[in-house]
1. Helix 258-283: angle to the longest alpha-carbon principal axis of the chain, degrees 0 to 90, nearest 10?
2. Take Asp135, Asp173, Asp201, Asp42 and order them by how many other Cβ atoms sit within 10 Å, fewest up front.
3. Going highest first, how would you order 275-286, 220-231 by mean Cβ packing within 10 Å?
4. Can you give the FRET efficiency for Ala21 and Glu58, using 1/(1 + (r/R0)^6), R0 = 22 Å, r = Cβ-Cβ distance, to the nearest 0.05?
5. Calculate, for Arg172 and Trp37, the FRET efficiency according to 1/(1 + (r/R0)^6) with r their C-beta to C-beta distance and R0 56 Å; round to the nearest 0.05.
6. Over what distance in Å are the Cα centres of segment 212-275 and segment 82-121 separated?
7. Rank the residues Arg16, Arg267 as a footprinting-exposure proxy: fewest other Cβ atoms within 10 Å of their Cβ go first.
8. Longest segment of the chain with no GluC sites (Glu not before Pro) in a DSSP loop having at most 16 other Cβ atoms within 10 Å?
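Computed from the coordinates by the stated procedures, all read-outs in this text should not be read as laboratory data. The structure presented is a predicted model; accordingly, all values stated were derived computationally and were not measured. Heads up, the Cβs are rebuilt from the backbone with ideal geometry, glycines too, and the neighbour counts pull from every protein chain shown.
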Amino acid sequence: MSWLTEIARPEIRALRAYEHAVWEPGLIRLHANELPWRAGADRSLAGLNRYPEPHPHELTAALAGLYGVGSDMLLASRGSDEAIDLLVRSYCRAGQDAVLLCPPTFGMYAVAARIQGAAPVEVPLLRARGFALDDAAVRERCSAQVKLVFLCSPNNPTGNRLDSAAILGLARDLEGRALVVVDEAYVEFAAAASLTARLHDHPGLVILRTLSKAHGLAGARCGALLAQPDVIALLRKVIQPYAVTQPSIEAVFQALEPAALAQARERVATLLAERARLAAALRARRGVVTVWPSDANFLLVEFEDAGAALQRAHQAGLLLRDLRAAPQLTRALRISVGSPEQNDRLLASLS
Ligand SMILES: *Cc1c(COP(=O)(O)O)cnc(C)c1O
């Protein structure tokens, strides 16, 4: 047994996965208590009267192709949110283990930890250095209880990438003790490549990808966790069978058609141009204090009076994310880059 399995919860190591109905698509299914007829409005390819494949091999293979790993190194999940939850539930014993996270960051890491009864250990990003990772402090705070280190790069909500050498150095140093989970939900919008290619020489590295952002499928709820086969095998015991629904599977296959992938790349390019235009225009607005550099599809913007900006945008029919309650961000709003028309409307509302 490798250390990747040994540091997991003993109950999960010992768990025998649920034995779902066998999957033999050529045969008539009288073994799963499904209705033999489709519902009247069912326009799906496979028929929603049927359970989807329990661990979807074709979807897994397609996503593995997209992200450039072997199928045994990928777990398809109901969004990255589910992947985060699976990691915490599989690796952290309630009341004993901990996760480390670097605020300000994505809120789900701490929520998943609290639900599981694992303590969130916080090592703040360094605002004075552009919200850089404090890897020395992470090392120092990584007690034996810490099983997972969540790093988000590009980070939500600050928009910056974390230093790859620092991330990989942590993965190395924590080998045998903790997994380093890099959430790359926004990597398609970044000026640097994914760390996926480094999975092979950094066994403790776990990478989260999602179709929710650059591929425009937030409503389909499909994400992917990339890791060593031992980690995937462990999490597969815990994930619900049929986690990704049939309509989602079909939507993902459509999104992976060459024409759809080309359109997604084009839209990312449009979005990056809009990001630059919006950032420059906001910097010129009176009342805007800082527009932080962004490697994602949103901007972190600090205002002299963030409340007033929020209100004016709202009056123009625009919702912005209020971050004023977060430490280090007391004057900040997070603004998703919209279509050119939406961005114009935002700029008009703030002038
Ligand atoms: C949006 C986002 C995700 C995506 O979550 P899904 O569940 O895949 O939609 C993951 N991580 C971060 C940091 C995000 O901002």
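1. Once rounded, one gets 20 degrees.
2. Details: Asp135 20, Asp173 16, Asp201 10, Asp42 13.
Ascending number of Cβ neighbours within 10 Å: Asp201, Asp42, Asp173, Asp135.
3. Working: 275-286: 15.3, 220-231: 22.9.
So the peptides 275-286, 220-231, ranked by packing, come out 220-231, 275-286.
4. On the way: r = 18 Å, r/R0 = 0.80.
Step by step, r from the Cβ atoms, then E = 0.80.
5. Details: r = 56 Å, r/R0 = 1.00.
Step by step, r from the Cβ atoms, then E = 0.50.
6. 23
7. Working: Arg16 6, Arg267 15.
Listed from fewest to most nearby Cβ atoms, that is Arg16, Arg267.
8. Working: sites that count: Glu19, Glu34, Glu175, Glu304.
Maximal segment without exposed cleavage sites: 35-174.
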